[in-house]
Amino acid sequence: MSSISILVVEDDLEISQLVASALEKEGYEVDMVHNGEEACRRFLDRHYDLAILDIMLPGVDGLELLRRIRETDKIPVLILSAKDQEVDKIVGLGLGADDYLTKPFLLGELLARVKAQLRRYLYFRPGHSDAAPVSILTYNGLKLNLCTMEVSVNDRLVALTSKEFAILKLLMSSPKRVFTKTQIFEQIWDDPYASETDENTVMVHIRRLRTKIEPDPSQPEYVQTVWGIGYRLGGKERQ
């Protein structure tokens, strides 16, 4: 199972736990470290999709850590710091930070900024920099044409609404990756504040999508539910 992973580097235990808890409630996988040296080791051990860094860290400070990250990685980096002078923001952004939020901060604003950075990063990640744009996505007899906006299942054309098409495109762009209902709503409806009602909207669209593309909607082959988390384009790929 694939999920979005975030590294929080913050020496204030109360702040780091507050941020990590809020991110985990949004469905993200979160690691916490409290100094720059440990953060460097974590980056050597695994890949993260986003990092949140304090500047004033013991040992390797946040700016030096940012330099090291940028030597090898292009993930979004958000600086969360009590240093609120203009020069501090200029230096941090100049070294490669994607965003800069000063303490004290509003937790809702932090989450909105994280989601905005991930939305851009994950949208442009498939294909990366010099790859030719993909116009047709395929999976186990399911075909989605991005140019003609047509969808077919085993060569049978299926009529989808724009939202159903967008959801299917999102899932097919990252097969096997799990998307929470909140993540789907934020990306398809472009709204950073999803409510329980909005998650129900996603469920309704998924149900309608399944009736159109699944051989048996009660036992979906394509859009699978990951209980307690969300949905993925799953199943064993045909040879």
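The residue that is modelled with the highest pLDDT, counting only those in the range 99-142 that are under 17 Å from LEU171 (Cα atoms) and in contact with a helix residue (DSSP H, G or I) (Cβ under 7 Å, 6 or more places away or on another chain), is LEU142. Among residues of the range 50-76 that are touching a residue at least 40 places away in the same chain (Cβ under 8 Å), those with a beta-carbon under 9 Å from a residue that is of a type in the set (Lys, Arg) at least six positions away or on a different chain give the pairs ASP54/LYS103; MET56/LYS83; PRO76/ARG120. Contact map, the range 92-108: residues that are within 14 Å of PRO76 (Cα to Cα) paired with residues that are assigned to a helix (DSSP H, G or I) and among the β-branched types (Val, Ile, Thr), Cβ distance under 8 Å, separation 6+ or inter-chain. Pairs shown: GLY96/ILE69.
Somewhere in the range 80-90, is a residue at pLDDT 90 or above and of a type in the set (A, V, I, L, M, F, W, C)? Yes, because at least one residue in the range 80-90 is at pLDDT 90 or above and of a type in the set (A, V, I, L, M, F, W, C). When only residues in the range 1-11 that are surrounded by 15 or more Cβ atoms within 10 Å (Cβ to Cβ) and either more than 18 Å from ARG42 (Cβ to Cβ) or of a type in the set (Asp, Glu) (or both) count, which is modelled with the lowest pLDDT? For the range 1-11, the residue satisfying everything is ASP11.
Meeting the requirement of 2 or more residues that are within 24 Å of the chain's Cα centre (by Cα) and of a type in the set (A, V, I, L, M, F, W, C), the helices (runs of 4 or more DSSP H) wholly within the range 1-101 are 13-25, 36-45, 62-72. Among the residues of the range 133-146, the one identified as exposed (fewer than 11 other Cβ atoms within 10 Å of the Cβ) and either of a type in the set (Gly, Ala, Ser) or not in a loop (DSSP other than H, G, I, E, B) (or both) is SER135. Selection of the range 167-194 for residues being surrounded by 17 or more Cβ atoms within 10 Å (Cβ to Cβ), outside any strand (DSSP E or B) and among the hydrophobic types (A, V, I, L, M, F, W, C) yields ILE167, LEU168, LEU170, LEU171, MET172, VAL178, ILE184, PHE185, ILE188, ALA194.
Filtered by the rule that a residue be loosely packed, with under 15 Cβ neighbours inside 10 Å, free of Cβ contacts under 8 Å to residues at least 40 places away in the same chain and out of contact with any Phe, Trp or Tyr (no Cβ under 8 Å at 6 or more places or on another chain), the range 147-160 gives CYS147, THR148, ASN154, ASP155, ARG156, LEU157. Annotation note: of TYR139, TYR222, the sole residue that is over 29 Å from GLU24 (Cα atoms) and among the hydroxyl-bearing types (Ser, Thr, Tyr) is TYR139. In the range 157-167, the count of residues that are at pLDDT 90 or above and closer than 14 Å to GLY230 by Cα is one or more. The set of residues in the range 35-76 being within 20 Å of LEU13 (Cα to Cα) and of a type in the set (Val, Ile, Thr) consists of ILE52, ILE55, VAL60.
Of the residues in the range 66-76, at least one is polar (S, T, N, Q) and more than 30 Å from GLY228 (Cβ to Cβ).
The values are calculated or read from the model by the stated rules, or taken from the named source; none is laboratory data. What you see is a predicted model; the values in this text were computed from it and never measured. Heads up, the Cβs are rebuilt from the backbone with ideal geometry, glycines too, and the neighbour counts pull from every protein chain shown.
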